[in-house]
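Attaching a single structure in structure tokens format; questions to follow.
The values are calculated or read from the model by the stated rules, or taken from the named source; none is laboratory data. Just so it is clear, the structure is predicted and the values come from calculations on it, not from any experiment. Neighbour counts are summed over all protein chains in view; Cβ atoms, including those assigned to glycine, are modelled from backbone coordinates with ideal geometry. Accessible surface areas use protein heavy atoms only, side chains included; no ligands, DNA or RNA. Shrake-Rupley method; radii C 1.70, N 1.55, O 1.52, S 1.80 Å.
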Amino acid sequence: MLRIVILLLLTAGELVRQGGADNDQLVASCLESDREALLDFKNGLEGPENPMLLTWRGSNCCQWWGISCENGTGAVTHVDLHNPHPEAVDGDSSSRYGFWNLNGEIRRSLMELKSLKYLDLSSNTFNGISIPEFLGSLQNLQYLNLSRAGFSGPIPSNLGNISSLQYLDLSLNHNINSEIPDSLVNVSSLATIDISNSGLHGRIPLGLGNLPNLEILRLTRNNLDASSSQFLSERWEKIQILDLSFNSIHGKLPDSFGNMTSLTYLDLSNNNFQGGIPSSIGRLCNLELFSISKNNLTGTLPESLDEETRNCVSRSPFSSLRYLDLSNNKLRGTLPKWLGQLENLIELSLVDNLLTGPIPDSLHLLQKLRTFDLSQNRLNGTLPTSIGQLPSLYFIDVSSNYLTGVVNETHFLKHTELRFLDLSLNSLILDMGSNWVPPFQTSVLDMSSCHLNSPFPAWLKSQESIVYLGFSNASISGSIPNWFWEISQYALSLNISFNKLEGQLPNPWKLNNAFQSVDFSHNLFEGPLPLPVGMTLTTLDLSHNKFSGSIPKNISDYLPILVFLSLAENQIKGEIPTSIGYMDRLQVIDLSSNNLTGTIPPNIGNFSSLVALDLSKNSLSGTIPSKLGQPSDLRTLHLSENLLSGQIPSSFRNLSRLEMLDLERNMLVGRIPHWIGEGLENLRILSLRSNAFFGELPSTLSNLSSLHVLDLADNQLNGTVPAIFGDFKGMTQVQNKLQYLLYENYDGVNMMVNSEGLVYTRSLSGNKFYQENMVVNTKGQRLLYTKTLSLVISLDLSRNNLSGDFPVELTKLLGLVVLDLSRNHISGHIPANISKLGQLSSLDLSSHLTTFDSSSFAGNPGLCGAPLDVRCADDNDNDDDDDDDDLNKEWFVKDGFIDNWFYLSVGLGFVAGLIVPFLIMSVRKSWSIAYFGLVDEVAEKLWFLKHETAKHTRYRRRRHNRAV
């Protein structure tokens, strides 16, 4: 009883709030037949305690909730049972507002309401029942709203029989999953059609644009197809709102597109439009919103719209335009001058195009502009100081361009409303006065890759609302001031990587409970490894610093939901704590290049989400835990340059998504498992170099169709090179498409941008990723590849006990860049068709392949070494002193130069047919230098002087420390 009383009180309150029924309607007495039809309709609905239906009592149905009647006759004309609290549809049905939600069946008794003009059942939950076909028999119906009501199934074609229908809304019924019936094009009275977010497919019926009274058409977020040249060429006489976004409409924008002169709202985003934007858009004098983002538009923006605007009252282009979004296309050319004439513009977004030239100074005329986004283009020149004259600016993003020059206080003179500022990835110089206090309080501030050449900027001290702070690669030096920890205490993300910051970080390092991402990598921080205390932290990158000490044993207690962890390239020692195995959300673990000892904790293999694991370049010992074969999503595994022993665990055959397996330079033994070629079908790179593997090469490796790099050198393998190795599919094609091998996880930092119109989500710090890397032996050097690794195709079987003839089948591997069979017992002839390997940059067949005697090299006085009588200056008495030879000749070349040099070296190939094999197949490596002399003489000086001395010294020290 109490529940009913409460519902009656709620109903009374809603009646008072909504004003009840009109006085004229209260006087009318409804038709008995209509009353009986409504009661039968009510009996089909579930939820008898619904506050609306509780009022359906008494003989006069014209007084019931949601019912209106015709004066005089008492015939029911309106049935409005829309849920006044739609937030309860997806919420708790047992809550207060849950009582307002209707479900059940729609009975045919509605057909008895012969005078029904208005039917609204929106924002209810009818649990997937079909839209009733009998609705097409309501001949007087003018308004039909079934939106967000849980209907499914096809749209009844007989809705096209309702000749009086003016308003049709079937939106947000996500499982309608049908085509738009052609019959709708016959309903000439239609003024509004909204079937957005309903799972539609198929083509858009031709003729919708010819409906003479159509003013609003919303078909967004379906899978509809149409040819723009046909569909957008229709009459569209009165259309004011046209939203076709998130579909599959294709073709070019026709010139007749400009005939829709009544348009105020046009959204064609997320389709497949091609070609350019016609100048006829200038005829759309009343347009307030224009979005055609995320298409395949090319060409330039119209330079002038003067001729097209001659019929506009203002005679200026887009005088009513408030929102312009042309982002994520392939538009070229410069920014047109007419952009500076859009005096009512609130939002301008041209993100991710190919636009060039300067930013027009005339943009200072856009005094109402709140969002200014020109990021990810090719704009050059300076950032105009006139931008500081725009007092309404809330959002500025000019990141990822080629802007240069100085940015100072003048650029932000009137920006009291600014909350989002991104100048990153340009070549701007920040020159703020030492006493400058910004007029704004930003939430997002990213000046990465700008040049400060100073300690931490003092003006940052005034920013008390920071959500994301990015000063990566900003030439900041010195220590972090104490006030920085105060202004950043409520941030979600901090990125001050790639600077020259030094000193120690707070330990413990207390973060607020909203913190998500910290990237302090590539600096000079030292001292004990700090322990960030933040229960919500998902990304932590402290790599490439000078931190020492050990990893805290209780790290899992403080970082329970961490997703990305990188402590690489520090001076961390001790064991990997077993508690790391309890951080079960980790996707990336990079502890490489430290001084870690002990064994690999087996429980790391418990991470079902693990994508990348890099423990290379440490002093880890023991066997590889078999549990590392459990993570089903693992894609890259680096355990190289440790002291690991035993065999490759057979559980690795379960790593079906693995792309990189790097176990080189350990003490692993046994035969190379045949199952590698059967279970690891996605493997791109396999390196087992410098271990103690023995036996024959498994022919099943040829099943690795994606393999680009195979390095089995410096083992004890015997037998012949299987002829089937010529079937490596990944090596038969020339690889000239650069693919960054990145294993990403999103760091979760977003910001909703709303300029009183378009609402879209911006990623504040993008994706944090583990970048794949690989050391490849080429031309007697060990070169580290990262960015260009996808272009490397290498087969290295050197320093084994392989025998037999040179396998002619290898000449089918047309993409090979590196081929090394040296220091084996291979005999026979070099096949003549080896000249087909036009991509070869390095070919080494030296030692034990002695098909040619000394006379074959006559006329080359610069060559030395066997079989010639001329000894080389670096010849050792013991040719088998491989360890010393490796140590003296190994160094690591970082991306900067080698990645650029790689593009040139790939193109060299064979310059003169078989000349290269004759020159390269020498017994000593110095013979190959005679050929590559001119290239290597320049390259080695640059590599050695600029990059290599420090790295070579570190490498020798690490080897020495391990030996000790």
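Starting from the Cα of SER434, move 7 Å in the Cα-to-Cβ direction to define the label point; list residues of region 497-533 whose amide nitrogen is under 13 Å from there.
none
By the gyration tensor of its Cα atoms, with a ≥ b ≥ c the square roots of the eigenvalues, what is the shape of region 349-457: rounded for a/c under 1.5, prolate for a/b over b/c, or oblate?
Oblate.
Taking just the alpha-carbon atoms of region 778-819, what radius of gyration and Dmax come out, in angstrom?
12.5, 37
Over region 410-486, one equal point on each Cα, no solvent: what is log10 I(q)/I(0) by the Debye formula at q = 0.27 Å⁻¹?
Debye intensities relative to I(0), on a log10 scale: -1.74.
Looking at the calculated P(r) for region 477-670, what percent of the C-alpha pair distances fall above 27 Å?
28
Then there's this: Would you kindly state how much longer the chain becomes between GLN367 and GLN571 on full extension, computed as 0.36 nm times their sequence separation minus their alpha carbon distance, in nm to one decimal?
Length gained, GLN367 through GLN571: 68.0 nm.
Run through all the Cα pairs of region 498-569 and give the fraction in each 5 Å bin from 0, expressed as whole percent.
Using 5 Å bins, I get a P(r) of 4, 17, 29, 28, 17, 5, 0 for region 498-569.
Subtract the Cα-Cα distance of ALA514 and GLU46 from 0.36 nm times their separation in residues, and report this length gain in nm to one decimal.
Between ALA514 and GLU46, full extension yields an extra 164.2 nm.
Right, another one. Near the amide H of PHE273, under 5 Å away, which other amide H atoms are found, from residues 5 or more places off or on another chain, if H is placed in the peptide plane?
Those qualifying (amide H under 5 Å, at least 5 residues apart or on another chain) are ASN296.
A follow-up question, please. Find, to one decimal place in angstroms, the Kirkwood hydrodynamic radius of region 586-657, where the mean of 1/r is taken over every pair of different Cα atoms and then inverted.
For region 586-657, inverting the mean 1/r across all distinct Cα pairs yields 12.1 Å.
Please compute P(r) over all alpha-carbon pairs of region 158-288, binned at 5 Å starting from zero, and give each bin as a whole-number percent.
So the P(r) values, bin by bin, are 2, 11, 20, 26, 22, 12, 5, 1, 0.
Shifting gears a bit: Once you place label points 7 Å from the Cα toward the Cβ at VAL533 and ASP557, how far apart are they in nm?
In this crude spin-label approximation the distance works out to 1.1 nm.
On to the next question. Are there GluC sites (Glu not before Pro) in region 92-182 that DSSP puts in a loop and that have at most 14 other Cβ atoms within 10 Å, and which ones?
GLU105
Which entries in the list LYS330/LYS500; LYS787/LYS836; LYS461/LYS546; LYS330/LYS787; LYS779/LYS836 go over 30 Å, if you measure between the two C-alpha atoms of each?
Checking Cα-Cα distances, LYS330/LYS500 exceed 30 Å.
Which FRET efficiency value, to the nearest 0.05, is calculated for GLN230 and LEU354 with the Förster distance at 22 angstrom and r the Cβ-Cβ distance?
E(calc), rounded to 0.05, equals 0.15.
Listed highest first by mean packing, meaning other Cβ atoms within 10 Å per residue, what order do 499-510, 626-637 come in?
With the highest mean Cβ count within 10 Å placed first, the list reads 626-637, 499-510.
Listed highest first by mean packing, meaning other Cβ atoms within 10 Å per residue, what order do 332-341, 819-828 come in?
By packing density, highest mean first, the sequence is 819-828, 332-341.
Next question. Length gain on complete extension for the stretch GLN489 to ARG57, per 0.36 nm per residue less the alpha carbon to alpha carbon distance?
Result for the pair: 149.5 nm of gain on full extension.
On the accessible surface of region 477-670, probed at 1.4 Å, how many percent belong to carbon and sulfur atoms?
47
Would you work out what percent of the accessible area of region 108-153, with all protein chains in place, is carbon or sulfur (probe 1.4 Å)?
With neighbouring chains kept in place, the figure for region 108-153 is 42 percent.
Only bridges whose two residues both fall in region 477-670 count here: according to DSSP, what percent of them are antiparallel, nearest 5?
DSSP beta bridges in region 477-670 are roughly 0 percent antiparallel.
Here is a follow-up. If you keep only loop residues by DSSP, which GluC sites (Glu not before Pro) in region 313-422 have at most 10 other Cβ atoms within 10 Å of their Cβ?
In loop regions of region 313-422 (DSSP not H, G, I, E or B), there are no sparsely surrounded GluC sites (Glu not before Pro).
Could you check the spin-label model distance between SER248 and LEU39? Points 7 Å from the Cα along Cα→Cβ, value in nm.
Label at SER248, label at LEU39, 5.2 nm between them.
May I pose another question? What ³J(HN,Hα) values, in whole Hz, does the Karplus curve 6.51 cos²θ - 1.76 cosθ + 1.60 give for region 313-321 when θ = phi - 60°, with x put for Gly and Pro?
4, 7, 6, 10, x, 6, 5, 9, 5
Mind checking the per residue accessible area of region 477-670 for me, 1.4 Å probe, whole number of Å²?
Spelled out: the 1.4 Å probe surface of region 477-670, per residue, equals 36 Å².
Estimate the FRET efficiency between SER316 and THR786 by the formula 1/(1 + (r/R0)^6), using the beta-carbon distance for r and 45 Å for R0, to the nearest 0.05.
0.30
Between ASP255 and ASN158, what FRET efficiency comes out of the Förster formula 1/(1 + (r/R0)^6) with R0 = 30 Å and r the beta carbon distance, rounded to 0.05?
For ASN158 and ASP255, the calculated efficiency is 0.20.
Now, a different point. Just order 304-317, 638-651 by mean Cβ neighbour count inside 10 Å, highest at the front, would you?
638-651, 304-317
Which Rg and Dmax, in Å, describe the Cα atoms of region 234-349?
13.0, 35
Considering the convex hull of the alpha carbon atoms of region 591-741, report its projected area averaged over all viewing directions, in nm², one decimal.
For region 591-741, the mean projected area of the Cα convex hull comes to 8.6 nm².
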